[in-house]
Amino acid sequence: MTSGTIIHSGGCHCKKVRWQVEAPPSVVVWQCNCSNCSMRGNIHFIVPSSRFKLIGDSEQYLTTYTFGSHTAKHLFCKICGITSFYIPRSNPDGIAVTVKCVDDGTISNVEVKLFDGGNWEKSYEQSSIAALSKLNGETL
């Protein structure tokens, strides 16, 4: 485990999808206004995919929705419909973890940053979001 990080657990509403993620107790989350995130009210933090793991038989309960560029993989539970994590367009090598799906007790602070998904390309260029899924980009 990397210095300054802990293991957070979380998952979907019905608990069929469960996971663990290595991240700091204080996280920077992204509030996006793209058509999908704004409809779901999604606020997420991004980690390298190597710091995320599904637990048990969770994978069999997942299904995927894509749209537009089909780069983002919106995974959600087949039973309860909750998207507790997904593969974001901004970071196809990482995982976006829905902060509200992290079990209580391990997140000490949440800083919210805005991502203008309505103007995706411009926001991507102007933000540091791409670095968040890189192992050397320790700003989670």
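The values are calculated or read from the model by the stated rules, or taken from the named source; none is laboratory data. Bear in mind the structure is a predicted one, so any value in this text is a computation, not a measurement. Every residue, glycine as well, gets a Cβ built from its backbone with ideal geometry; the counts of neighbours run over all protein chains shown. These accessible areas exclude ligands, DNA and RNA; they are computed on the full protein's heavy atoms, side chains included. Shrake-Rupley method; radii C 1.70, N 1.55, O 1.52, S 1.80 Å.
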Restricting to the stretch 125-140, give me the number of residues that are open to solvent by 30 Å² or more (accessible area, probe 1.4 Å), over 15 Å from Cys34 (Cβ atoms) and in a loop (DSSP other than H, G, I, E, B). 6
Considering only residues of the stretch 88-103 that are modelled with pLDDT of 95 or more and out of contact with any Pro (no Cβ under 9 Å at 6 or more places or on another chain), which is nearest to His13 (Cα to Cα)? Cys101
Which pairs have Cβ atoms under 6 Å, sit 6 or more apart or on different chains, and link a residue in the stretch 41-68 that is without any contact (Cβ under 8 Å) to a residue 60 or more places away in the chain and over 29 Å from Asn109 (Cβ atoms) to one that is open to solvent by less than 40 Å² (accessible area, probe 1.4 Å) and not basic (Lys, Arg)? Tyr61/Val17; Tyr61/Cys77; Leu62/Leu75; Thr64/Leu75; Tyr65/His74
Does Lys122 satisfy the criteria of being open to solvent by 80 Å² or more (accessible area, probe 1.4 Å) and closer than 17 Å to Asn33 by Cα? yes
Pairs under 7 Å by beta carbon, first residue over 20 Å from Tyr61 (Cα atoms) and charged (D, E, K, R) in the stretch 1-30, partner open to solvent by 50 Å² or more (accessible area, probe 1.4 Å) and at pLDDT below 95, six or more apart or different chains? Glu22/Met1
Quick one: would you say Arg89 is within 17 Å of Tyr124 (Cα to Cα) and of a type in the set (Lys, Arg)? yes
